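Each reported figure results from applying straightforward, stated rules to the coordinates on display, with no laboratory input. No experiment lies behind these values; they were computed from the predicted model shown. A quick note on method: Cβ atoms are made from the backbone with ideal geometry, for glycine too, and the neighbour counts reach across all protein chains shown.
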Amino acid sequence: MDFEQLRAACEARVEALRLPHRFSTRDLRDAVAEQRGRPIILRPLSTLGAMDAPCGIRLETPDADLLFYEEATSPLHQNHILAHEISHIICDHPGSLELDTLRAIGFNPTLVQRMSGRTSYTSEDEREAEVMASVIRQLMYRGREGPSSRPASGAESWDALFAKPHRKKRHRK
């Protein structure tokens with residue numbers, strides 16, 4: 001499939017989610033979770049720049065989809081990692097990681113049905129997830145500069161992870 005066909009297929013998949021014209025990361029996550037019939041849980045991952053370590057991981061279990069993202073990178077990169085990993089879910093990719101990766105992050109391999117990790121873009125699935133992530137982010141931020149500066153807070157709020165930090169004004173004495 002050439003790039004134009006791949007992009008059109010990705011746009012059609014996002015459109016099938018029936019998201020509003022202006023949608024948030026929460027809207028995206030909720031739509032995909034509803035389509036799958038199980039929650040999507042976000043978790044930070046610390047690979048500390050290890051060689052060939054994935055900066056994002058998707059784990060599919062019988063009860064939930066877990067998305068791990070590198071915590072030691074920029075918010076912009078974290079946002080793209082999560083968009084890439086949720087793209088694997090949307091595209092129903094079978095996964096490609098080895099069980100050693102699960103043990104390294106302290107996850108029981110017997111609970112996992114499928115998994116993938118973002119280390120390179122040489123496979124068709126990785127290429128498709130990368131194009132899908134770009135489409136998602138372009139549609140999500142059309143007509144605005146970036147994520148909300150005052151999102152809902154909480155450990156499960158994807159928007160809160162990527163908001164610009166608020167600086168308190170200092171009063172001169």
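Quick notes
- Residue separation of ASP63 and LEU139 scaled by 0.36 nm, minus their Cα-Cα distance, works out to 24.4 nm of gained length.
- Protection proxy ranking, highest mean first, for peptides 81-94, 22-35, 4-17, 59-72: 81-94, 59-72, 22-35, 4-17, where packing is the per-residue count of other beta-carbon atoms within 10 Å, averaged.
- GLU124-ALA72 FRET efficiency (beta carbon distance; Förster radius 25 Å; 0.05 resolution): 0.30
- On full extension, the segment bounded by MET1 and ARG38 gains 10.2 nm, given 0.36 nm per residue less the C-alpha separation.
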